[in-house]
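All remarks here apply to the structure that follows.
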Amino acid sequence: MHIPLLATGPALVAHTIAEWLAIAVGVQIYRRSSALLPRTVDGYQRLIILAGAAMGAAVGSKAAFFLYDPQALRTLLSHPALIVGGQSIVGGLLGGLLGVEIAKWCTGVRSSTGDAFVVPILVGIIIGRVGCFLAGLNDVTYGNPTSLPWGVDFGDGIPRHPTQIYDQLFAVGLLALLLRARVRLREVPGLQFKAMLAGYLVWRLAIDSLKPMPFVYPGGLSGIQVLCLGALILYMPFVRRAALQRSRFP
């Protein structure tokens with residue numbers, strides 16, 4: 001498959017349109033999904049939680065990109081306008097999680113609220129990756145060269161793994177699995193979100209080995225893989241505890 005190489009301007013437009021569409025659709029789905037929130041969470045608290053998620057995701061997305069490419073931070077110091085470029089879904093997810101927890105602490109919410117974000121996040125990934133795919137070589141989400149029949153030439157004459165499409169397909173499959181098991185998972189509030197986040201972190205830890213990124217960290221890992229591994233180590237005890245709660249139900 002051949003995709004014409006887009007100039008930087010059109011590539012940025014395509015990526016931005018898909019990104020904002022993903023956010024808009026995700027917010028609308030969240031409004032419907034917020035019915036999953038405990039009845040003790042009122043409208044004001046829901047709004048603060050959503051704002052915390054958005055702010056945390058924005059900060060985490062940028063921070064993770066600098067972990068991926070340490071050189072980008074040095075470049076930013078001399079070209080501050082570059083702050084608008086370079087983002088990471090993994091960083092956005094983890095930053096959003098932290099932002100929600102801070103918002104809940106500020107508003108006195110103690111119950112789990114993560115399940116309402118599961119469908120919006122996965123649908124957002126599915127839509128957003130369209131922009132990454134169309135941006136092609138102007139985006140850092142394409143894969144390494146491949147001889148497989150579904151390799152995509154993004155305009156430089158080299159067939160590559162369409163890792164953006166792989167990410168979409170994984171999100172579709174994960175969404176289908178979680179929706180199929182939603183009745184059982186809802187028996188433990190927060191278990192759906194924990195399963196979604198853990199699954200995506202494991203996926204990115206594996207699939208990012210197919211991307212031409214700097215593997216400059218111990219163990220031959222990239223910055224995003226280090227972030228995924230660290231987050232999994234810290235987060236899996238919470239996932240296990242929630243899963244054990246579920247196992248107690250008949």
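Looking only at residues in segment 99-152 that are charged (D, E, K, R) and within 24 Å of residue 222 (Cα to Cα), the one that is surrounded by the most Cβ atoms within 10 Å (Cβ to Cβ) is 129. Which members of segment 182-194 meet the condition of being surrounded by 14 or more Cβ atoms within 10 Å (Cβ to Cβ) and in a loop (DSSP other than H, G, I, E, B)? 186, 188, 189, 190, listed by residue number.
Please determine, by comparing only the residues of segment 126-151 that are among the aliphatic types (A, V, I, L, M) and over 23 Å from residue 214 (Cα atoms), which one is modelled with the lowest pLDDT. If we take residues in segment 126-151 being among the aliphatic types (A, V, I, L, M) and over 23 Å from residue 214 (Cα atoms), then 130 is modelled with the lowest pLDDT.
If you take the residues of segment 196-212 that are assigned to a helix (DSSP H, G or I) and among the charged types (D, E, K, R), which of them is surrounded by the most Cβ atoms within 10 Å (Cβ to Cβ)? Residue satisfying both the conditions and the ranking: 204.
Which of the residues belonging to segment 213-240 are surrounded by 12 or more Cβ atoms within 10 Å (Cβ to Cβ) and either part of a strand (DSSP E or B) or β-branched (Val, Ile, Thr) (or both)? Matches in segment 213-240: 216, 217, 221, 224, 226, 239. The residues of segment 164-180 that are surrounded by fewer than 20 Cβ atoms within 10 Å (Cβ to Cβ) and either among the small types (Gly, Ala, Ser) or in contact with a strand residue (DSSP E or B) (Cβ under 7 Å, 6 or more places away or on another chain) (or both), listed by number, are 173, 176. Figure legend. Inter-residue proximity from segment 167-193: first residues within 16 Å of residue 121 (Cα to Cα), second residues part of a helix (DSSP H, G or I) and β-branched (Val, Ile, Thr), beta-carbon distance below 6 Å, spacing 6+ or different chains. Indicated pairs: 168/126; 171/125; 171/126; 192/118; 193/118.
Going through 171, 243, 176 one at a time, which residue ends up being in a helix (DSSP H, G or I) and modelled with pLDDT under 95?
243
The values are calculated or read from the model by the stated rules, or taken from the named source; none is laboratory data. These numbers were taken from a predicted model, which means no experiment stands behind them. Here the Cβ is made from the backbone with ideal geometry for all residues, glycine too, and neighbour counts use every protein chain on show.
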